[in-house]
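Here is the structure we will look at.
Here, each number is a calculation from the coordinates, and none is a lab measurement. The shown structure was predicted, so the numbers you read here are calculated from the model rather than taken from an experiment. Ideal geometry is used to build each Cβ from the backbone, glycine not excepted, and the neighbour counts take in all protein chains shown.
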Amino acid sequence: MDFNDYQKAANRTLMGKEQVLTNCALGLTGEAGEVADLIRKYTFNNEKLDHDAIVKEMGDVLWYLSQIAEWADIPFDEVADNNINRLKQRYPSALNN
């Protein structure tokens, strides 16, 4: 699945039309915190890194990012392409081969 297809499919699950951007931005921070907490527990509490849990939380982060892009009328592929192009400039030996 490409990012634009994901963005459109994810948008079908978006509920409400009021303050969507605020809801998505706050949701994104919460879900990113869930990812960070799983990593914190792995790093400092000697807990096993739960593959299924981190995949779920990363998916939630992806959902919120896609909906912020949708709200701003930005194709999600553009976000991914732009990021890779910036990484190519920052790390040319790693990505320009």
Dividing the mean separation of Cα pairs under 8 Å (6+ apart) by the residue count of the range 3-95 yields a relative contact order in percent of 40 percent
Residue separation between MET1 and HIS51 times 0.36 nm, minus their alpha-carbon distance, gives in nm 15.9 nm
Applied in sequence order to the range 42-47, the curve 6.51 cos²θ - 1.76 cosθ + 1.60 (Karplus, θ = phi - 60°) yields integer Hz couplings, x standing for Gly and Pro, of 5, 6, 10, 10, 6, 8
In nm, the gap between the two label points placed 7 Å beyond Cα toward Cβ at TRP71 and THR43 is 2.8 nm
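D for the range 3-95, whole µm²/s, Stokes-Einstein with Kirkwood Rh over alpha-carbon pairs at 37 °C and 0.692 mPa s: what number? Write out the running numbers ahead of the final one.
Details: Rh = 14.9 Å.
In µm²/s, the coefficient rounds to 221.
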Rounded to 0.05, the calculated FRET efficiency for the beta carbons of MET58 and LEU14 at R₀ = 22 Å is 0.70
